[in-house]
Structure formats: structure tokens, C-alpha cells
Amino acid sequence: METLDITNCDREPIHIPGSVQGHGFVIVVDEFLIITHCSENLNGFIDRAPSSILGESISWIEKFLHTSSTGPFLANIIHAAKTGNGLNAKNPYRVEINGKPFNLIVTKSADFLFLEFEPNISGLHNMRFDLGSSISEILSVSDLNSLYNRIAVKIKEIISFDRVMVYKFHEDGHGQVIAEAKNKDLKPWLGLHFPASDIPKQARELYKVNLTRLIANVFDTPARLLSILDPTRYPLDMTQLGLRAVSPIHIQYLKNMEVASSFSISLLNSDKLWGLVACHNYTPRFIHYENRETAKIIGQVLSSAISFREIQEDEHQKLKLKLKVDELAKQLSRTDSPADALIKQSVTILDAVDATGAVLIYDKQILCLGETPALPFIEDLIKWLETSNVPNVFETDRLPTLFDAAVLEKNKASGLLACRINRELREYILWFRPEYLVTIQWAGNPEKPVSIDKANNPQMSPRSSFDAWSDTRKLTSSPWKPEDMNSAAELRDEITFKINRKASELRELNEKLKIAYDNLDSFSYTISHDLKNPLSSIHGFSEYLLNEDPSPDETKMMLERILLSARKMNSMINDILSYSQAGRASREFSLLNMGKILEEIKQELIIGDPNRDIEIRIEEAPPFFGDETMITQVFSNLIGNAVKYSTESANPVVVVNGQRSMDGVRYEIKDNGIGIPKRDTQKIFDLFSRSEHARNFEGNGVGLAIVKKLVEKHRGKIWVESQQDVGSTFFVLFTNDTVDLH
Ligand code: ADP
């Protein structure tokens, strides 16, 4: 069994009620002009049993109609209707039945034609005469609220119903009376809210098709439509029919309100049902077709006036925020620090959205403006936003119901508008609003749509009390408007644009730097190469002069100095040459047999100085992809240094060990030599940079600079851990990146 719930109303097929309101009658004909349906109240208007005309031709009914036209009146109209030419424009047709005036309204639905006969009487004068002046009077006001009031007052004047309300639908579908004109003796309903279920979804759809709707007499018994067709197989869609009967639930709803007659004019904004002009009369009241049509025109004019004015007011607010976002964009382009531009200048992120507090989480900083919760809250909130997978611009006016910690911060953070700048870096802009205690005056208790009958069974019947029923909404902020969200999204675009531009500027700079480095390499290569010639002349001539045994001694000493300097300079030039050449040759990557390479280096070192008393131990030597020449140079420099700087230690030992890990292949070259003072562990990798601590050892500070350059050519890393006078360990990591390079 289906559970009883007000949303059941949503499924009631109100467009095929199978009956009509009793103040008129309906005849339906098919495409062969055969009468297929007829309302059972026919004999109240024409002296014939309804069942007797079913299956007859339409010409049968002609004899009961008195019209000013000659010839087959209905057949002609139907012919026009079938060709679809201007059916509505010609409605209504005046006919007389038994001496009484009727309006005949002809409409088409699928293969059927409806002939609706309505009495042409009304207590009201023809509204059309007032149309022009009424509309201009209504439109003469400047602000929206006055416009709504004018609408209510003027419509009441025209149709003289007891109560006329302008009823607006909110985003969640519930409605509110935003303007009212009523008889003095009635209780005011201005400001009352009505739950969305009061006007179910399909009824709202019908209001979009039928722009006016009259329920002439709530106490009237509807007249069933009799048919020669099986209604379960051929349900008749009566959407177009003005006389369409009303859902029993809605009738009960109106009765509970003590309303006897209701008339509504739909107000549309684009293709959305914006609201209704809802008119109630406490005695039955009929409005004839032409006046309903005039009301429809008023409704259409009002709809466009309302949407125009709403757009105007929204545009004003949008423009205000847009100017702020534009200013922020300018500030962003004037400084290199987005945080400064957004927080510290004349316009801040707090101006870009209508909020009481704002927080910028950017570049590992949390910067707050206005009324904001404490930092730990903000950090947790960001984590929650990440795990909740919210969209880039996210808003809620009920944060405490989603994120528990906000209950304690309700005075600052009941409403949140969050705008993500960068997901990976967890960068956000947050705007907050405090709790805003909204007391909603419902027309009756909206939670109790179901009533209990005498036998104690729940009844699907609308509530019976419409006395104002208050419901205070706590832990809620005022709702965010689309303008706020737009503004947040635009600001986000500006910021990401700025950040992206900065990133590409950096990339460009990097490129330039690379070129500059390459140029520097070729420059030092050229210079050092060109210096070699004049230097060898200096060297050659000084040697020649010295061999000539010059006197006095001073000249000899000077020549010796020149010779020494020339030798030193020559060795430096060689170093610069080898540095600038390091890694110049094109890289040939292969899987390196490190065991073999290390063994050869070891042998060379031993052969180079067989008297040296040192142990060189090679442990694990995992292979990796690299250029054999460069990698040999790297390890022979590192192991060479380890040997050189530990020769003076007691029992010198150098250990080379490699390991494969998640990051790649890592080698350690460990010695128990002189070590490196902490302050020098970085600078020793620079060209010509030596530690003072190594002054007793020969060298010119080029080896490690070359090693670093070669390791970086392999996209690897090098670093050292050392303790002065205890020993050093150099680490070289060849990442998986390197492996991909082959
Ligand atoms: P050089 O050894 O010719 O001076 P390097 O560029 O190879 O040039 O080394 C730079 C400096 O780093 C050395 O002068 C020395 O101070 C320090 N250094 C390098 N390797 C070691 C090591 N294994 N132990 C101690 N100091 C070292």
C-alpha cells in the first residue's frame, strides 16, 4: 500500500477529471463530427437526455441553437477549427438556447473538438473597457512592492472579489502572499506562507497553460462526461477546458478556507510560473469568458512588468558587485601578490559578495576579513569541503545542518559561500553570513496536511485551519542570491586567470634562464679556449727566459712567479673548459652496469696511487638508465674526493652502496675523512668553491660543480650529509623520471 503523504496530490491526474463544473455544459465531437461525449447536465439546458445524443451527428444539436448566422452554424465553426484557423481569436460565439444567452467556446484537443456552453451572464460590467486605464495605473509605480499592491487593489476593483492576493512562488515551490486587497471584515493573509504541496506540481503546470482559472461555485456538484468511448482506454485530456472540474482535494481545501468561488490569473516570468493573482469570494461568483480573457491580458502585461522590474533590480545589484570585482581584477594586475590585492587594498573580497565575513586561503596563508570563525574551524571546514566534493562555487544558507562544528559558530557562519581557487593546493575564498532568525508565518501548520477522520483513519484531506502558524527557522542565514554566486564565480575567473598568467610568465623566465645558461657555457668555453694560446706564449717565453739564466735574481724570481701563475691559470682554464663541456655531448641513455663501472673506477684509483693504504668497498650496485660517460665522471669524482679527503685518517674506508626504492635508485658514497663544516655543505657544489677546512688538500673546487651539472642533466638530485672530522656521505638519487628518459 502506498503511504499517505501530501505528495500523493502530485500524482492526481487533474487534467482528466472526467467531469465538468455545473454552471455550463460540454459536448465533444470527433473528427467525423460525431458526438462522442456529452456532460450529464445537458438536460438542464436542452430538453434532451444526454445519452440520446451520443453517437449522433453534430447537426442534431443545431436545431436547439439560435444564432444570428445562417446555414450550418456549428459545422462551419468546426470546419474553421479543423483547419486550425484563428479558433481562439473568434471565441466566444454567441448563441441562444431556450431564449437564454450563452457563450460557445470551441477548443481542440488531439482528435476531439470541445464545445463549451457557458451562460453569458455576469454581475460585472465588461472589464475590457477599463483595461487600458487599469494597466497604465498599475504600471505607473516605480518600485516592485508598490507594483504588487497596485495589482491587488486594481484587480479587486475590476472583479470585485472579497479578497485578491498577489501570491509569489519561492525557489522551493512554497508560496507567499506578498500583496493583498480585501474586504475589511476579513483576516489579513498578507505575508503568510503556503507550503508547496498546497498547489501540487501538475496544478502549477496547468496554470502555465490556462492563464486564468475560475472555480465558480465550490459547492456545485460536478457533471460527469458521458461517452460512447471507454474512458479508461480513451481518457479525455481536458486541459484546455475552462469548465474542467476541480480536483476534490482542492475543492475540500477551498471549503476549509470557507471560500465559495476562486479565480486566479497566472503570472509568468519567462516560462516559469512566478506567481498568481489569487482571488477568493466567499459566495459563488461566475465571471464570463470575455472578462476572463481581459484578466488574462492584464496578467500577461503584469507578468512582463514584474519580470522587467525584477531584472532591473537584480541588474542594479549585479552591477554594484561587478564594479567591485572589476576593481579587484585591476588590483590583481597591479601587484605580484594576489593575497595583497584581494585583502589589503581599497576594495577587498568582502566587497565582492553581500556577506559579513570573508576568508582567503591562498599560498599557505589564511587571511580573514570581517566577522569570521576561528582558524581551526576554517581548517576543518576546508577539509570538509574537500571530502564533500562540492562544486567550485558552493553555497548554503544552512551550514550548521551540514557541518556540525558550525552550530557553535552560528553567529558568524550559518551561511557559507565557498569558491575554490585550486583543489590540489586547497586554496579557497569563503564568505560567511550569521544566523538570521526568520519567523515564517504559515497559513496553518504546514506539517499537518493529513487530517484524521471520525473512524480515526488518516484522510488525504487538506488542513482545515489557516490561522497563522509561526515557525522560526534557526541555524539559517539569509539566502544567497544568484548575484552573489555570479560575483564569486567571476572573481574566481579573474584570480585563476591572474595565477595562470603568472605561471606562464615563470615558465617563460625559466626558458630564458636556460638559454642564458647555455650561452654562458659557450661563452666560457670560447673564452677559456681563446685564452689558452696567449697563455701558452706567456708560459713558453717565461720558460725560455729562465733557461737563459737571467740576472739579477729579482728578474729570475719574477719569471718563476709568472711561470707559476701561468701554470695555475692553465689549470683553471682547463677546469672551466671541462665544466662548460660537461654534458654537452648528446646523451646516450642505456641501462648501466654499475657494478662494472664502479669496479673500473676503483681499479684506476688504486693503480693511480698503489702505495695508498685505503679500503674501497663496493656493495650493492643496482643498474639504472643513464649516459655511461657522464655517470662514470660523476662517480669517479665522488669516489676520488672520498679517497682524497680521507687519506690522512687512520684506517680510511670508502663505501659505495646503491639501493632501489619507490623514488628511484639512490647511491651513497661514504668516507671517514675530514668531513665538511655545516656552513659549507651547500656552497661546495658551486664552481671554484672549496671549504676552508680542505685547504691542506690540492684541488680547485670544480669537480662537484661538474658532478651536480651532470646529475641534473639526468634529472637527479645530489646532496651531502657530513660531520666535521668524522666523515661525509654523498647521496645521488636518480629518480624514476630519469629512467623514463631513455
Ligand atoms: P676540489 O676537491 O678539487 O677542491 P670539488 O668541487 O671536488 O673540488 O670539491 C669542493 C669542495 O668540497 C672541496 O674543496 C672540499 O672542501 C669539499 N669536499 C668534497 N668532497 C669531500 C669529501 N669527501 N670530504 C670532505 N670534503 C669534501
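Nothing in this text is a laboratory measurement; each read-out follows from the coordinates by a stated rule. What you see is a predicted model; the values in this text were computed from it and never measured. Cβ coordinates were reconstructed from backbone atoms using ideal geometry, including for glycine residues, and neighbour counts include every protein chain displayed.
Some values worked out for this structure:
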| read-out | value |
| --- | --- |
| Degrees between helix 553-581 axis and first principal axis of the chain (Cα, 0 to 90, nearest 10) | 30 degrees |
| Top positive-direction residue, dipole computed over the chain with Cβ charges, set 616, 701, 36 | 36 |
| Cβ-based net charge around residue 730, under 10 Å, with every Lys or Arg adding one and every Asp or Glu removing one | -2 |
| Hz values of 3J(HN,Hα) by residue in segment 487-500 - Karplus curve (6.51, -1.76, 1.60), Gly and Pro given as x | 4, 4, 5, 5, 4, 4, 4, 4, 5, 5, 4, 5, 5, 4 |
| Unit Cα scatterers, Debye sum, segment 666-707: log10 I(q)/I(0) for q = 0.14, 0.26, 0.27 Å⁻¹ | -0.33, -1.08, -1.13 |
| Förster-model FRET efficiency, 60 Å R0, residue 510 and residue 561, C-beta, rounded to 0.05 | 0.85 |
| Assigned charges on the beta-carbon of Lys, Arg, Asp, Glu; the chain dipole about Cα centre (debye) | 2320 debye |
| Spacing of the two label points (7 Å from each Cα toward its C-beta) at residue 59 and residue 596, in nm | 11.2 nm |
| Linear extension gain, residue 201 paired with residue 137, 0.36 nm per residue minus alpha-carbon span | 19.7 nm |
| Total formal charge among the other residues, if their Cβ is under 9 angstrom from that of residue 281, Lys/Arg +1 and Asp/Glu -1 | +1 |
| Proxy reagent accessibility, fewest Cβ within 10 Å first, across 730, 169 | 169, 730 |
| Residues whose placed amide H lies under 5 Å from that of residue 589, excluding near-sequence neighbours | none |
| Sequence-separation-based contact order of the chain, relative, with Cα cut under 8 Å and 6+ spacing, percent | 8 percent |
| P(r) tail fraction, segment 208-352 - alpha-carbon pairs more than 19 Å apart, % | 69 percent |
| Distance between modelled label sites at residue 531 and residue 322, nm, 7 Å Cα→Cβ extension | 6.4 nm |
| Segments 480-490, 325-335 sorted - mean Cβ within 10 Å per residue, highest first | 480-490, 325-335 |
| Contour minus Cα-Cα distance for residue 615 and residue 721 (0.36 nm per residue) | 36.1 nm |
| Antiparallel bridges, percent of DSSP beta bridges restricted to the chain (to nearest 5) | 95 percent |
| Potential lengthening between residue 729 and residue 228 on full extension [0.36 nm per residue; Cα-Cα distance subtracted] | 170.1 nm |
| Which of 60, 719 has the fewest Cβ neighbours within 10 Å, and the rest in rising order | 719, 60 |
| Descending semi-axes in Å of segment 622-742, equivalent ellipsoid built from Cα gyration tensor | 25, 15, 12 |
| Low-density loop positions, trypsin sites (Lys or Arg not before Pro), segment 688-735 - DSSP coil, at most 16 other Cβ in 10 Å | 695, 715 |
| Proxy reagent accessibility, fewest Cβ within 10 Å first, across 648, 628 | 648, 628 |
| Per residue Cα convex hull volume in Å³ - calculated over the chain | 309 Å³ |
| Label-to-label distance, nm, for residues given as residue 407 and residue 314 (7 Å Cα→Cβ offset) | 3.6 nm |
